[in-house]
Amino acid sequence: MKRRILIVDDETGIRDSLSIGLEREGCEVAEAPDAEGALSVAGAFHPDLALVDVRLPGRDGLWVLQHLREAGVPVVMISGNATLREAVEAVKQGAFDFLEKPLSIDKVLVTIHRALDYERIKTRVAILSEKAGPAEPVGNSPVWSQALDTAERVAPTDAAVLLIGESGTGKELVAGWIHAHSARAEGAFVPVNMAAMPETLIESELFGHEKGAFTGAAATRKGKFELAAGGTLFLDEIGELPVALQPKLLRALESGEIQRLGGEGTRKTDARIIAATNRDLAAAVAAGKFREDLFFRLNVIPIRLPPLRDRGDDARLLADIFLENFCKRHRRPLMRWTPEARDLLRRARWPGNVRELKNLCERLAILHEGDIPAAVVEDMLSFPAQSGTVGGAAEGELRAKLDKVEADILRETLAACGGNHTTAAQRLGISRSQLYRKLERLGIKTELTG
Ligand SMILES: Nc1ncnc2c1ncn2[C@@H]1O[C@H](COP(=O)(O)OP(=O)(O)OP(=O)(O)O)[C@@H](O)[C@H]1O
Ligand SMILES: [Mg+2]
């Protein structure tokens, strides 16, 4: 398969020589001279990787990096002598690596291959670890069971579902579960996040476009509606859908027909729609930010996913399952919660809901040893518990202890991986940029390799 590489540099000479070199190696190449151009080309071209100059006219390369990373595109920075500091900063912010000018095409190719390999492995690890986790939504509390009962009842139908819940309450998980328990389970589950894309791209993402529909539309591309044919289209963060696009979505839903951008004629679409929101859509309707007709079309079966703090003992149940799974996944000895820690799990406010709990369990599995006291949990919470606080004076001491454990693990892992950051990060189950941040925070000095 041809690799698609996006080159972002304001110097025509650099773009030309890279293009020639990469095309000779069988890559498909697109170019952009500045930051905004980079994003609009990326939206249409869907690169496998981007080479981005640190210094660009207007918004700089770090800005491009941030947006491309959010879109899941791996980035290698290009740096001149004067921008080395920024290049290192870029790596900390998630760039795979940087290349120094003058560029040698061999070095560029090696780095691209490494970056793409790394992405491939990362995806595979992510898929495997997803499988290792609970495939089923877990929960016993009445509020949760009620939500899941509704999901179960609606799953086999083709009715539109609106999932409503705070961040991290399991909207995407439940959407996937409904799909898996529907007659469309063999079809694709296609998520589109309305908040993760600039307005200009959402339309082409949803409906697709014909070649040449707009600058940068180098090839015809199917929209998510088409990709979800026979399956389920998951419209995530639907409240963020720009007002200008709402009539178009409504038309597609009502007529069952879509039109590609720049295309002639319509195509049938039969995707089942599940939408999700963490905002109060009814309030958005009242405020004129969301069309009422579209709201009714999506809100056929509303399902409210309760925040974790309202789910009683579910927090403890989930905590046990997550902790055990993460200990196994990271090959760590099994550990248990002390009764005080369990109690704290139940009382905590969990602004990040299940996601926050899950992250906490993973950190504990990696960093902690032996039974887990309440104070350690308290220290990791993003928000203190509602009452009966633990810690206080002991907190600084705890942080220092945890830091030491963490530093030891990092050093050991790095040593075991021969100093290779990429391998070490993989083994720790964190991204390379997370690893850099940790090393920096803990003051661990290493060579900048791998
Ligand atoms: N009931 C549950 N059982 C097991 N895992 C859960 C449950 N609810 C959520 N999770 C896990 O918590 C994490 C967050 O869930 P998910 O991404 O579905 O939340 P979300 O509501 O879509 O959040 P956001 O609004 O931030 O997108 C995921 O890793 C998911 O697998
Ligand atoms: Mg989500």
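The values are calculated or read from the model by the stated rules, or taken from the named source; none is laboratory data. Computed from a prediction, not measured in an experiment: that's the story for all the values here. Please note: Cβ atoms are built from the backbone with ideal geometry, for glycine as well, and neighbour counts cover all protein chains shown.
Answer with yes or no whether residue 239 is under 28 Å from residue 165 (Cα atoms), in contact with a Lys or Arg (Cβ under 8 Å, 6 or more places away or on another chain) and not hydrophobic (A, V, I, L, M, F, W, C). Yes; evaluated as a whole, the condition is true for this residue. Between a residue in segment 1-26 that is surrounded by fewer than 16 Cβ atoms within 10 Å (Cβ to Cβ) and any residue that is basic (Lys, Arg), which pairs come within a Cβ distance under 7 Å, given they are 6 or more apart or on different chains? As it stands, the answer is 26/2, since those pairs meet every condition given. Residues that are aliphatic (A, V, I, L, M) and modelled with pLDDT under 70 within segment 387-434 comprise 390, 393, 394, 398, listed in sequence order. Report yes if some residue within segment 135-142 is closer than 20 Å to residue 297 by Cβ and touching a residue at least 60 places away in the same chain (Cβ under 8 Å); otherwise report no. There is no residue in segment 135-142 that is closer than 20 Å to residue 297 by Cβ and touching a residue at least 60 places away in the same chain (Cβ under 8 Å). Residue 10 meets the conditions (1) touching a Pro at 6+ places or on another chain (Cβ under 9 Å); (2) under 20 Å from residue 115 (Cα atoms) in every case but one. The failed one is (2).
Residues that are buried (at least 19 other Cβ atoms within 10 Å of the Cβ) and in a helix (DSSP H, G or I) within segment 149-172 comprise 151, 154, 171, listed in sequence order. Residues considered: 324, 356, 362. Of these, the only one that is farther than 30 Å from residue 187 by Cα, within 16 Å of ligand 2 (Cβ to nearest atom) and not in a loop (DSSP other than H, G, I, E, B) is 356. Residue 295 - would you say it is surrounded by 15 or more Cβ atoms within 10 Å (Cβ to Cβ) and not assigned by TED's automatic domain parsing to the domain that holds residue 223? So residue 295 fails the test.
Inside segment 252-283, can you point out the residues that are hydroxyl-bearing (Ser, Thr, Tyr) and at pLDDT 90 or above? Within segment 252-283, 255, 277 qualify. Restricted to segment 257-272, and to residues there that are of a type outside the set (Val, Ile, Thr) and surrounded by 21 or more Cβ atoms within 10 Å (Cβ to Cβ), the residue that is farthest from ligand 2 (Cβ to nearest atom) is 260. One residue stands out among those in segment 317-345 that are surrounded by 16 or more Cβ atoms within 10 Å (Cβ to Cβ), basic (Lys, Arg) and farther than 20 Å from residue 407 by Cβ: the one that is modelled with the lowest pLDDT, which is 329. Can you pull out the residues in segment 227-254 that are farther than 25 Å from residue 287 by Cα and either crowded, with 21+ Cβ neighbours inside 10 Å or in contact (Cβ under 8 Å) with a residue 60 or more places away in the chain (or both)? Selection gives 228, 232, 233. Of all the listed residues (286, 275), the sole one being more than 16 Å from ligand 2 (Cβ to nearest atom) and of a type in the set (A, V, I, L, M, F, W, C) is 286.
In summary, residue 238 fulfils each of the numbered conditions (1) aliphatic (A, V, I, L, M); (2) farther than 25 Å from residue 351 by Cα; (3) modelled with pLDDT of 95 or more with the single exception of condition (2). If you go through segment 337-356 and keep only what is under 29 Å from the mean Cα position of the chain (by Cα) and more than 14 Å from ligand 1 (Cβ to nearest atom), you end up with 344, 345, 346, 347, 348, 349.
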